[in-house]
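**Q** I have a structure I would like to understand better, so I am pasting it below and will then ask my questions one at a time.
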Amino acid sequence: MFSTATYTARRAALRDLVKTGVLLFLGHDESPMNYADNAYPFRQDSSFLYYFGLDSPGLVAVMDLDEGRDVVFGDEPTIDDIVWIGEQLSLGERCLGVGIRDIRPSGRLPGYLRDAVEQGRPLHFLPPYRPEHQLKLFEWLGIAPASQQAMASVELVKAVVEQRNHKSDEEIAQIEDAVAISAAMHRKAIAMARPGLKESDVATAMHEIALRHGGTLSFPIIATINGQTLHNHDHSHTLESGRLMLIDAGAENAMHYAGDLSSTFPVDPTFTERQRTIYQIRYNMHREAVAALRPGVRFRDVHFIAARTMVEGLKEIGLMRGDATEAVMAGAHALFFVHGLGHMMGLDVHDMENLGEKWVGYNGEPRSTQFGLKSLRLARTLEAGFVHTIEPGIYFIPQLIDQWRAEHHLSAFINYDNVDAYRDFGGIRNEEDYLITATGARRLGPALPLSADEMEAARQQAG
């Protein structure tokens, strides 16, 4: 938990952005796996954490802008709670730590909200993404679940995004801590991978590091020799000589800030010639993208820089042809680079994705519907204090290749006969996390092996 002053200041800043009404923040409840007393590990809603810092279930908070009060609704622990989960501070004591003195029983919340609505005061809530939140809004206010996304407060969403997108120094320190743990996870994977191990062996060792540092995972580990599948959480395969292994994994630290890194390396001590060639093209994409980062630059343009760099590299080995800019504008690069260059990161690994990328990553601007480009989560002009990932990738997805070839799709830019020789290649993605500074950008956390030479050196040292 940060200092009392931090949470008080965050709420004060929010009051300056939203002038009137009642702001409703729904904390999380326990989420049962298969019966009520067997729950998944608890994780509080990130916006609730940001403004109220209380990391326990069953709480709802209200900022009443018209009455000038902040209220937490919840119930004090009972003797049964103490028996099963141990002694704990009272709710009142915990609330004092975040600058809240007005604590009321949870049963009084529906009446408080209904009174505000009857008085004609605006009721602001964020888009609900958990079923229990949808049920509560229906029970308390009669808002049908199907209508809740449309009725969520755009004014509140924009205000929260404006605050949370700009990371404070103490937040940056927490993110760097999470990235450092994430880097340790990746170094372990790079050191231990060898033919004959299971993907699950690598994933298990990485998960252990996150837990040992007092946190958990910021998302389920991707540890696969089938890197052509972007979100491959299957860990059932055996590592084989001649294959690449793709790791995409991050830690969430004890303060719930996220790290997100990716590494790709040969299962053998060295790359094959073909692997090294594609890896070098991806490295060039990464290097050119990072060099372009600074305030005032549109991230969409940085994405296009990476895509054009890839097209030029693939032209040199006969997989693409034609003008690189024209190829990218037509979307031909997306046969190989099928996702966006990066996304915001903070308390969520995809920061505030539940609030809508229209506001988080696009600042209200329309999003492309073009294949590949539609998956770009961040496109807006960069500002000092933004934290985001850089993760260009190159993938050879047989099903996508077959579909595009059958349709002769963008064949003016793609040499399908040569692409077919790479059907079994898999995929490559390396990822780092960056802070936009006043004059440029700074990588967060320790460096991982990034160039082909660096990665081979790390693999051979491990062997």
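**Q** What FRET efficiency would be calculated for the residue pair A144, R114, taking the C-beta separation as r and a Förster radius of 22 Å, to the nearest 0.05?
**A** Values: r = 17 Å, r/R0 = 0.75.
Between A144 and R114 the formula returns 0.85.
**Q** Something else about it: Using Stokes-Einstein with the Kirkwood hydrodynamic radius over Cα pairs, what translational diffusion coefficient do you get for the range 214-272 at 37 °C and a viscosity of 0.692 mPa s, in µm²/s rounded to a whole number? Please report the intermediate quantities before stating the final value.
**A** Values: Rh = 12.4 Å.
The estimated diffusion coefficient comes to 264 µm²/s.
**Q** Describe numerically, in nm with one decimal, the distance between label points set 7 Å from Cα along Cα→Cβ at R274 and at A254.
**A** For the pair R274/A254, the computed spacing is 4.9 nm.
**Q** Ranked highest first by average number of other Cβ atoms within 10 Å, how do 158-165, 227-234, 259-266 line up?
**A** Details: 158-165: 19.9, 227-234: 16.8, 259-266: 24.9.
Highest to lowest by the protection proxy: 259-266, 158-165, 227-234.
**Q** Something else now. Rounded to whole Å, give me the distance from the Cα center of the range 16-70 to that of the range 405-458.
**A** 39
**Q** Kindly provide the Kirkwood hydrodynamic radius of the range 107-209 in Å, to one decimal, from all pairs of distinct alpha carbon atoms. Spell out each step's value before the answer.
**A** On the way: mean 1/r = 0.0554 Å⁻¹.
About 18.1 Å for the range 107-209.
**Q** Report the FRET efficiency, 1/(1 + (r/R0)^6), for I317 and V154, where r is their Cβ-Cβ distance and R0 is 45 Å, rounded to 0.05.
**A** Numbers: r = 47 Å, r/R0 = 1.05.
My answer for the efficiency is 0.45.
**Q** A follow-up question, please. Students often check this: by mean Cβ neighbours within 10 Å, which of 142-150, 418-426 ranks highest, and how do the rest follow? Before the final figure, lay out the partial values.
**A** Numbers: 142-150: 12.4, 418-426: 16.1.
The packing order, highest mean first, is 418-426, 142-150.
**Q** OK, next. What residues have an amide H closer than 5 Å to that of L197, excluding those fewer than 5 places away on the same chain, when H is modeled at 1.01 Å from N in the peptide plane?
**A** Correct list: L239.
**Q** According to the square roots a ≥ b ≥ c of the eigenvalues of the Cα gyration tensor, what is the shape class of the range 50-177, taking rounded for a/c under 1.5, prolate for a/b larger than b/c otherwise, and oblate for the remainder? Numbers along the way, then the final one.
**A** On the way: a/c = 1.61, a/b = 1.12, b/c = 1.44.
Because a/c hits 1.5 or more and a/b fails to exceed b/c, the range 50-177 counts as oblate.
**Q** Using 0.36 nm per residue of separation minus the Cα-Cα distance, give me the extension gain between D102 and T20 in nm, one decimal.
**A** Working: separation 82, 0.36 × 82 = 29.52 nm, distance 1.93 nm.
Full-extension gain reported as 27.6 nm.
**Q** Moving on. If the label point is 7 Å along Cα→Cβ of N363, which residues in the range 371-415 have backbone nitrogen under 18 Å from it?
**A** Only 376-389 pass the distance filter.
**Q** Related question: At 7 Å along Cα-to-Cβ for each site, give me the label-to-label distance between R298 and H408 in nm.
**A** Result: 3.3 nm between the two label points.
**Q** Another one. Residues of the range 69-98 with the amide nitrogen closer than 16 Å to a label point 7 Å from the Cα of T4, along Cα-to-Cβ, please.
**A** Inside the label zone: 70-72, 90-98.
**Q** Could you give the length gained on full extension between T78 and D420, defined as 0.36 nm per residue of separation minus the Cα-Cα distance, in nm?
**A** Values: separation 342, 0.36 × 342 = 123.12 nm, distance 6.51 nm.
Between T78 and D420, full extension yields an extra 116.6 nm.
**Q** Assuming a ≥ b ≥ c are the square roots of the Cα gyration tensor eigenvalues, decide whether the chain counts as rounded (a/c under 1.5), prolate (otherwise, with a/b larger than b/c) or oblate.
**A** Verdict is prolate for the chain.
**Q** Could you tell me whether the range 272-425 comes out rounded, prolate or oblate from its Cα gyration tensor? Rule is a ≥ b ≥ c as square roots of the eigenvalues, rounded for a/c under 1.5, then prolate if a/b exceeds b/c, otherwise oblate.
**A** Details: a/c = 2.02, a/b = 1.70, b/c = 1.18.
Verdict is prolate for the range 272-425.
**Q** State the Cα centre-to-centre distance between the range 79-124 and the range 173-200 in whole Å.
**A** Their Cα centres are 40 Å away from one another.
**Q** What does the convex hull of the alpha-carbon atoms of the range 133-287 project to on average, in nm²? It would help to have the intermediate numbers written out before the result.
**A** Working: hull surface 51.1 nm².
That works out to 12.8 nm², a quarter of the Cα hull's surface.
**Q** Still on this structure, please answer the following. Between R212 and E67, with labels modelled 7 Å along Cα→Cβ, what's the label distance in nm to one decimal, could you check?
**A** About 5.1 nm, to one decimal.
**Q** In addition: What is the dipole size for the chain, taken about its Cα centre, with +1 at each Lys and Arg Cβ and -1 at each Asp and Glu Cβ, in debye to the nearest 20?
**A** Details: 44 positive and 62 negative charges, 207 e Å.
My answer is approximately 1000 debye.
**Q** Related question: Calculate the all-directions average of the projected area of the range 1-71's alpha-carbon convex hull, and give it in nm². Write out the running numbers ahead of the final one.
**A** Details: hull surface 20.9 nm².
It is 5.2 nm².
**Q** Right, another one. Which FRET efficiency value, to the nearest 0.05, is calculated for M192 and R287 with the Förster distance at 35 angstrom and r the Cβ-Cβ distance? Could the numbers behind the result be given before it?
**A** Values: r = 28 Å, r/R0 = 0.79.
Efficiency at R0 = 35 Å is approximately 0.80.
**Q** Rounded to the nearest 10 Å², what accessible area does D66 show when all protein chains are kept and the probe is 1.4 Å?
**A** Surface accessible to solvent at D66 totals approximately 70 Å².
The values are calculated or read from the model by the stated rules, or taken from the named source; none is laboratory data. For clarity, every value in this text was computed on a predicted model and none was experimentally measured. Virtual Cβ from ideal backbone geometry, glycine too; neighbours counted across all protein chains shown. Only protein heavy atoms, including side chains, enter the accessible area calculation; ligands, DNA and RNA are left aside. Shrake-Rupley method; radii C 1.70, N 1.55, O 1.52, S 1.80 Å.
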